[in-house]
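Take a look at the structure below.
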Amino acid sequence: MKLVLATRNKDKITEIKALLQNLHIEIYTFDDFEYFPDVVEDQNTLEGNAEKKAREIYNITGMPAMADDTGLFVDALDGEPGVFSSRYAGEHVTYEDNRKKLLMEMRDIPADKREAFFKTVIVLILGDDKKFIVEGRCEGYIGVEEKGTLGFGYDSIFYLHDSGKSFAELTVEEKNRISHRGRALQKMKKVIEKLTK
Ligand code: IMP
């Protein structure tokens, strides 16, 4: 089976390829196509955005396409930044801008009220009427400062309860084992395994 990853995010591609490496599939990315649009994420749910991205790339390439959409949901901020995680600090901002804004918004929130979770929804489009949807979650809390240099996005301010480590202190393999995307991908891996049997 051929599979196109409907994203331009190289960090995500690295994580996804690491997890799907043992499957009988050929993975294609934006690098393999002359035209590969940036799909506008204008839906108000993770599922809506993931499906929109996967469907658009499926329509253009004619190949099975998979997309994920992820949000960081902070309890004390009523679930913000949530579906708007990539543009929390505004349009065309950096990961760092978003992290700084979140730390600033949470500056007065005490240690025991900094709970947050990442949620990823992955949609696989196989045909006009054939799709699979899975989701994964990872619980943690927002630290008061950045820690670690690995990963991307909010990784350096998202801490795990068990170890007290931030996601940015974990290798790709360690993060994939427990992360929202890793968990969703494990589920999607089972779906693809069945499809390619
Ligand atoms: P996207 O819309 O799925 O690309 O994700 C929205 C935003 O969430 C991204 O811009 C990142 O800032 C953040 N994000 C997504 N996945 C992760 C992750 O695994 N770690 C940290 N931040 C992430």
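The values are calculated or read from the model by the stated rules, or taken from the named source; none is laboratory data. Owing to the predicted nature of the structure, the values given are computational and were not obtained by experimental measurement. Reconstructed Cβ throughout: ideal geometry from the backbone, glycine too, with neighbour counts over all protein chains shown. With ligands, DNA and RNA removed, areas are computed over all heavy atoms of the protein, side chains included. Shrake-Rupley method; radii C 1.70, N 1.55, O 1.52, S 1.80 Å.
Selection over region 22-49 of residues that are closer than 25 Å to E91 by Cβ, open to solvent by less than 70 Å² (accessible area, probe 1.4 Å) and among the aliphatic types (A, V, I, L, M) gives a count of 2. The conditions of being out of contact with any Cys (no Cβ under 8 Å at 6 or more places or on another chain), within 13 Å of the ligand (Cβ to nearest atom) and open to solvent by less than 10 Å² (accessible area, probe 1.4 Å) are met by L185.
Would it be correct to say that V123 is open to solvent by 50 Å² or more (accessible area, probe 1.4 Å) and either modelled with pLDDT of 95 or more or more than 14 Å from the ligand (Cβ to nearest atom) (or both)? Taking the combined requirement at face value, the residue does not satisfy it. Filtering E47, E145 for residues that are within 15 Å of the ligand (Cβ to nearest atom) and either part of a strand (DSSP E or B) or at negative phi (or both) leaves a single hit, E47. Test K52 against the criterion of being more than 19 Å from S179 (Cβ to Cβ), surrounded by 18 or more Cβ atoms within 10 Å (Cβ to Cβ), without any contact (Cβ under 8 Å) to a residue 40 or more places away in the chain and within 14 Å of the ligand (Cβ to nearest atom), and give yes or no. Yes, satisfied. Residues in region 94-116 that are open to solvent by less than 40 Å² (accessible area, probe 1.4 Å) and under 18 Å from K12 (Cβ atoms): N98, R99. Criterion applied to E169, E146 was being acidic (D, E), without any contact (Cβ under 8 Å) to a residue 40 or more places away in the chain and either closer than 19 Å to M106 by Cβ or open to solvent by 10 Å² or more (accessible area, probe 1.4 Å) (or both), and the one residue passing it is E169. Cβ separations smaller than 7 Å between residues 6+ apart or across chains give the following pairs from region 67-82 residues that are without any contact (Cβ under 8 Å) to a residue 12 or more places away in the chain and closer than 18 Å to V40 by Cβ to residues that are open to solvent by 10 Å² or more (accessible area, probe 1.4 Å) and part of a strand (DSSP E or B): G82/F73. Checked against the criterion of being over 30 Å from P110 (Cβ atoms), at pLDDT 95 or above and in a loop (DSSP other than H, G, I, E, B), region 63-79 contains one or more residues that satisfy it.
Against the criterion of being near the ligand (Cβ under 9 Å from one of its atoms), hydrophobic (A, V, I, L, M, F, W, C) and either touching a helix residue (DSSP H, G or I) at 6+ places or on another chain (Cβ under 9 Å) or modelled with pLDDT of 95 or more (or both), F117 does not qualify.
Considering (1) under 16 Å from the mean Cα position of the chain (by Cα); (2) in a strand (DSSP E or B), the lone condition that K52 does not fulfil carries the number (2). Considering region 69-84, and only residues there that are under 30 Å from L126 (Cα atoms) and open to solvent by 10 Å² or more (accessible area, probe 1.4 Å), the residue that is farthest from the ligand (Cβ to nearest atom) turns out to be F73.
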